[in-house]
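Notes follow once the structure below has been shown.
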Amino acid sequence: MSAAANPLLHVWTTPFAAPPFAKIQPAHFTPAFEAALNAHNAEIGAIAGNADAPTFANTVEALERAGEALRKTSAVFWNLCGSHTNDALQALEREWSPKLAAHYTGITTNAALFKRIAMLFERKDQLGLNAEQSQLLTKTCKSFIRAGARLEGEARERYKALSQTRAQLGTRFGQNVLADEKAYTLVLRGEADVAGLPQFVLDAARNAAQERGLDGVHVITLSRSLIEPFLTFSTRRDLREQAWKAWAARGANGGATDNRQTIAELVALRIEMAKLLGHDTYADYALDDSMAKTPARVRELLDRVWPSALQRARDELAKLRAMAAREGDPIEIAPWDWRYYAERVRAAEFDLDEAELKPYLPLERMIEAVFYTATQLFGITFHERNDVPVYHPDVRVFEVSDSAGRHIGLFYGDYFARPSKRSGAWMSAFRRQHGLDGGERPIIVNVMNFAKAAPGEPVLLSFDDARTLFHEFGHALHGLLSNVTYPALAGTSVVRDFVELPSQLFEHWLETPEILGRFARHAVTGEPMPDALMAKLKAARTFNQGFETVSFLGSAIVDMDLHELTDAARLDPQALEAATLARIGMPAEVGMRHGSTHFQHIFSGGYAAGYYSYLWSEVLDADAFAAFEETGNVFDPATADKLKRHIYAAGSTCDADAAYTRFRGRLPAVDGLLRKRGLAG
């Protein structure tokens, strides 16, 4: 592959210098990575070997400038691996994840380089740094220490080896889950198999079948946006059982894609790495760089919420059993029954069902709603661009501008499930904002897995889908509104249990009359959601929250139990999971939100010993939205300005506690979370 023919090795002349996806092929990545690593190694060598005394400019700022080619290539590569992969990319992922891990570990364990950083940190207060520079120096020094900078000799070499193996295992775990998801289809043939399914599920299932070359049938996949409505509406209990068991068994089916041994190896490796760095457990290590600080504080939050959630779930279960009995179903409720009977109870108690609600939540209108909310809060606007390259025909691109019409960045929306995409929903960046040397404007992407409708039909969202859309757009705003000087402090580069605040807070606006009243309109007639339906939706807001909270907490507590182990020599992850759930009294009828063998957040994402952070951030977001409610205006300009300056734009330019206090004037208590979920009192 000649350098001249490799688009990754050249300046991009596309609009806004966006990645030229149509020109980028898998074969381009290896030479691009090799060239980028060589360039980065040369830059690091020059910084570490500089004969001049260390200064903030020639060491810390120089590190921020270094590695631009590697960041550029990596951003395209990892985003494609998650959102539109193929066999060639997966092979490259297996090859390059350990190589890249070794490269970065080589930097953080470079003794000469760390000596320069440490010398600066020791006299930080004498350097005349501004607040952002001081924060960057502190964060840089701490990140080097947490990545093995103080290790020497055999310990350093062992840590390097473990870092490479960790990357390999994480890649294997994620690819195994995707393989199991791609391999499974529940084919529905004839009227009996689709009994109870509303039209929007039938349309999505027919489209899934056609994508797989199957005509005249319907297909249920393991995409959450398809399997959850199937479990909610199908009257075929036998088929619900098949689908749920397949969903729960991802990564635990035996053979090449089984993740149980991978988990055991990952947990053991993390324990060893933590001990090398002076921590008793991996949870101690992970939480040292968080708002929570210690496993004990995390347990305190989980233990505070668990009893109320468990009692609420038991009350809900009693209602499900009563509903099944009334309908003449002499069964014991199982995990594949919960959603089905919960929907029956919701219809009975609130006269509300998902099939009635979804026509008022078409995807197009909900996209308009997230944009409008951002405009009202922050004065930014969105204009769709058809001249910017995309990596899949379904992807849409919007230019984002400020209130004066100045370009802020690009937003990519990738909304639909496909076999080449991993499950879930997330935000990522093809380019991050910074102000160094003239600066860069961000290119942010939201990736969803909504089920496609039949051709020509509108895509209808569940209320949970719409909430997910708002959630991920909150993350996107964290990237788009970033206004910092240094790349390492930009956007979502905050501690893990703070990063969910901007996303979870943004969800609140979906439920307001100002948004639902304006954008919840029937996909066919255009009529607004009736007041009566909106009132029923509001009344049912905390319905099934026992189930939702217990399902989440079960996964969060298993995460903590796994990562507070001091020895994983004989770890059976499913046995530990079962023991944990038995200890806390988890109702067997609920089921974990993420079973360990497909728990990508903690085994192939960045949430190890950190899944609790969604709940921690929810304590913050419940209190933060109350700041708007207290003004009587959910778009109060003064409150929105403080939110933008101190939360969305500030990145990691100050500690999370300080950032929140600057916005709200104080830190919150857990009571707001309990009220929000209907678990108080």
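Values as computed for the structure displayed
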quantity	calculated
Residues of region 513-545 satisfying the condition of being within 30 Å of residue 313 (Cβ to Cβ), touching a residue at least 40 places away in the same chain (Cβ under 8 Å) and not in a loop (DSSP other than H, G, I, E, B)	515, 533, 536, 537, 539, 545
Hits in region 646-681 - residues which are closer than 30 Å to residue 307 by Cα and crowded, with 16+ Cβ neighbours inside 10 Å	656, 660, 664, 668, 670, 672, 673, 674, 676, 677, 678, 679
Some residue of region 505-512 being surrounded by 19 or more Cβ atoms within 10 Å (Cβ to Cβ) and β-branched (Val, Ile, Thr)	no
Residue in region 519-541 that is surrounded by fewer than 24 Cβ atoms within 10 Å (Cβ to Cβ), touching a helix residue (DSSP H, G or I) at 6+ places or on another chain (Cβ under 8 Å) and under 24 Å from residue 617 (Cα atoms) present	yes
From 423, 482, 428, 493, residue being more than 30 Å from residue 526 (Cβ to Cβ) and in contact with a Pro (Cβ under 7 Å, 6 or more places away or on another chain)	482
Residues located in region 572-625, provided they are in a loop (DSSP other than H, G, I, E, B), within 17 Å of residue 497 (Cα to Cα) and at pLDDT 95 or above	607, 608, 609, 610, 611, 612
Of all residues making up region 21-44, the number that are in contact with a His (Cβ under 9 Å, 6 or more places away or on another chain) and not in a helix (DSSP H, G or I)	0
Candidates 491, 479, 439, 435 - the one that is in contact with a helix residue (DSSP H, G or I) (Cβ under 6 Å, 6 or more places away or on another chain), at pLDDT 95 or above and of a type in the set (Gly, Ala, Ser)	491
Of the criteria (1) touching a residue at least 60 places away in the same chain (Cβ under 8 Å); (2) in a helix (DSSP H, G or I); (3) not aromatic (Phe, Trp, Tyr), which one residue 70 fails	(1)
Filter result for the condition that a residue is among the basic types (Lys, Arg) and in contact with a strand residue (DSSP E or B) (Cβ under 6 Å, 6 or more places away or on another chain), over 422, 406, 385	385
Helices (runs of 4 or more DSSP H) contained entirely in region 334-437, each with at least 1 residues that are surrounded by fewer than 22 Cβ atoms within 10 Å (Cβ to Cβ) and of a type in the set (Ser, Thr, Tyr)	363-378
Residue match in region 37-46 (condition: over 24 Å from residue 136 (Cα atoms) and either free of Cβ contacts under 8 Å to residues at least 60 places away in the same chain or surrounded by fewer than 15 Cβ atoms within 10 Å (Cβ to Cβ) (or both))	yes
Region 163-186 - residue that is aliphatic (A, V, I, L, M) and surrounded by fewer than 18 Cβ atoms within 10 Å (Cβ to Cβ) and, of those, farthest from residue 83 (Cα to Cα)	183
Extreme residue, nearest to residue 314 (Cα to Cα), among residues of region 546-578 that are in contact (Cβ under 8 Å) with a residue 60 or more places away in the chain and small (Gly, Ala, Ser)	546
Members of region 212-257 found to be over 26 Å from the mean Cα position of the chain (by Cα) and among the charged types (D, E, K, R), listed by number	212, 215, 236, 237, 238, 240, 241
Filtered residues of region 1-25 (kept if under 17 Å from residue 386 (Cα atoms) and of a type in the set (A, V, I, L, M))	17, 18, 22
Cβ pairs under 8 Å, 6+ apart, first in region 616-645 and surrounded by 20 or more Cβ atoms within 10 Å (Cβ to Cβ), second among the basic types (Lys, Arg) and part of a helix (DSSP H, G or I)	618/676; 622/675; 622/676; 623/664; 624/664
Test result for residue 73, surrounded by 17 or more Cβ atoms within 10 Å (Cβ to Cβ) and either modelled with pLDDT of 95 or more or in the same structural domain as residue 18 (by TED's automatic domain parsing) (or both)	yes
Selection within region 553-570 - over 12 Å from residue 581 (Cα atoms) and surrounded by 19 or more Cβ atoms within 10 Å (Cβ to Cβ)	560, 562, 563, 568
Residue 278 vs. criteria of a type outside the set (D, E, K, R), modelled with pLDDT of 95 or more and at positive phi	yes
Set 286, 292: member being crowded, with 20+ Cβ neighbours inside 10 Å and touching a Leu at 6+ places or on another chain (Cβ under 9 Å)	292
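For every residue, the table says whether it meets (1) more than 30 Å from residue 277 (Cα to Cα); (2) not basic (Lys, Arg).
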site: 69; (1), (2): yes, yes
site: 75; (1), (2): no, yes
site: 79; (1), (2): yes, yes
site: 86; (1), (2): yes, yes
site: 94; (1), (2): no, no
site: 102; (1), (2): no, yes
site: 105; (1), (2): no, yes
site: 113; (1), (2): no, yes
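The values are calculated or read from the model by the stated rules, or taken from the named source; none is laboratory data. Computed from a prediction, not measured in an experiment: that's the story for all the values here. Note that we place each Cβ from the backbone using ideal geometry, even for glycine, and neighbour counts take in every protein chain shown.
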